[in-house]
1. If only one of Thr162, Thr130 is over 20 Å from Lys84 (Cβ atoms) and free of Cβ contacts under 8 Å to residues at least 40 places away in the same chain, which one is it?
2. So which of Phe273, Phe198 ends up being in contact with a Gly (Cβ under 6 Å, 6 or more places away or on another chain) and touching a residue at least 24 places away in the same chain (Cβ under 8 Å)?
3. Working only within region 134-155, note down all residues that are buried (at least 19 other Cβ atoms within 10 Å of the Cβ) and either modelled with pLDDT under 95 or under 21 Å from Asp80 (Cβ atoms) (or both).
4. How about region 115-131: which of its residues are surrounded by fewer than 17 Cβ atoms within 10 Å (Cβ to Cβ) and in a loop (DSSP other than H, G, I, E, B)?
5. Hey, among the residues in region 264-306 that are within 21 Å of Gln10 (Cβ to Cβ) and of a type in the set (Phe, Trp, Tyr), which one's nearest to the chain's Cα centre (by Cα)?
6. Output the number of residues of region 7-31 satisfying the condition of being of a type in the set (Asp, Glu) and surrounded by 18 or more Cβ atoms within 10 Å (Cβ to Cβ).
7. For region 277-291, what are the residues that are more than 19 Å from Val51 (Cβ to Cβ) and crowded, with 17+ Cβ neighbours inside 10 Å?
8. Take the residues in region 205-222 that are under 12 Å from Val181 (Cα atoms) and not hydroxyl-bearing (Ser, Thr, Tyr); name whichever of them is surrounded by the fewest Cβ atoms within 10 Å (Cβ to Cβ).
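The values are calculated or read from the model by the stated rules, or taken from the named source; none is laboratory data. Not measured: the values here are computed from a predicted model. Every residue, glycine as well, gets a Cβ built from its backbone with ideal geometry; the counts of neighbours run over all protein chains shown.
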Amino acid sequence: MTLGIKVGPQKQSFIDLEQTNAPFAEVWFNVSRADDYTELFTELKRRNMQVGLHFWGVLNDSNSPGLGYPDQSILDSSTDLMKKTIDIAATNKFQYVNIHPGSRAIVKIDLDRMDYPYVSDPIPLPQAQTIFLEHVTRLDRYAKDRGVVLTVETVSRLIPKTDWYNPASRLKPLDIYQLPVASVQAAADHGIAIANDFVHTATDPASDDPHDIWTYLLSTTQLLAAATRLIHLGFLVPPYNGTDNHDTLDNPVLATDQALPNRQQMIELLKLFKTRDDVWILVEPNGRHTENYFLAQKILAEALQD
């Protein structure tokens, strides 16, 4: 596994890169504002790092991109933005592009306010999954032809409606009908690489029983292991209401059974990948990326022990 750090065009990311000297970085990449990343890309290439682009964007009508709803305009515009991101990755000789599978509804998104101001009625999951698999298979072929790995990320069952990084916002969950882990598993069955976000995967079962959640997370991680190329290392904390959180690895709760996975469970999950040199891993905290990089380094070192 190759441990990296999350970065963006803000000045703090340049400081984090200098302080960690990480061999790999994943960029929170809003393709709708691609010109904002010129300086960051120059720095990443100067450092000879492995780089992945975590795709974000907004369609012209303020819709969130996605590959699961039968609106041809949304499907075409989403595919175009994702292809543009793949092209940018290929031009810069970056390693991967990570996407979310999308929703089985029309979703408006405001990335500046971190808000979802509108969600339409959803279509049935089987219909949405069929559409998703058709389009993501084509996109995967497009990426492979350009030497870029496409990863599809597990996403949370519910989301905070606003301010995704504020823990209090988790108390008001919103269902935007994101495609579940089963749809990501279906993509894996079609030969597409997977990004397993431990927190997102842990939100998938509709249960507040820690034992049930951990059993599901472990079995799903085992099932997806062969197809997994990217891991987002995090942990779920109460309430177990289907929403994710972006916590820091020095939270004392990580040492308790309230965290899913807790520290020892993280190590158990990571041991599944101890012989893999084709897996990228990083933390997505709500801040203090340098500290979390070094804390993750310690956890990873324990997982790699015999």
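1. That would be Thr130, the only listed residue that is over 20 Å from Lys84 (Cβ atoms) and free of Cβ contacts under 8 Å to residues at least 40 places away in the same chain.
2. Working: Phe273 fails: in contact with a Gly (Cβ under 6 Å, 6 or more places away or on another chain).
That would be Phe198, the only listed residue that is in contact with a Gly (Cβ under 6 Å, 6 or more places away or on another chain) and touching a residue at least 24 places away in the same chain (Cβ under 8 Å).
3. Answer for region 134-155, where residues must be buried (at least 19 other Cβ atoms within 10 Å of the Cβ) and either modelled with pLDDT under 95 or under 21 Å from Asp80 (Cβ atoms) (or both): His135, Val136, Leu139, Asp140, Ala143, Val148, Val149, Leu150, Thr151, Val152, Glu153.
4. Correct list: Pro117, Tyr118, Ser120, Asp121, Pro124.
5. Filtering region 264-306 for residues that are within 21 Å of Gln10 (Cβ to Cβ) and of a type in the set (Phe, Trp, Tyr), the one nearest to the chain's Cα centre (by Cα) comes out as Tyr293.
6. Counting residues in region 7-31 that are of a type in the set (Asp, Glu) and surrounded by 18 or more Cβ atoms within 10 Å (Cβ to Cβ) gives 2.
7. Pro285, Glu291 - these are the residues of region 277-291 that are more than 19 Å from Val51 (Cβ to Cβ) and crowded, with 17+ Cβ neighbours inside 10 Å.
8. Here the answer is Pro205.
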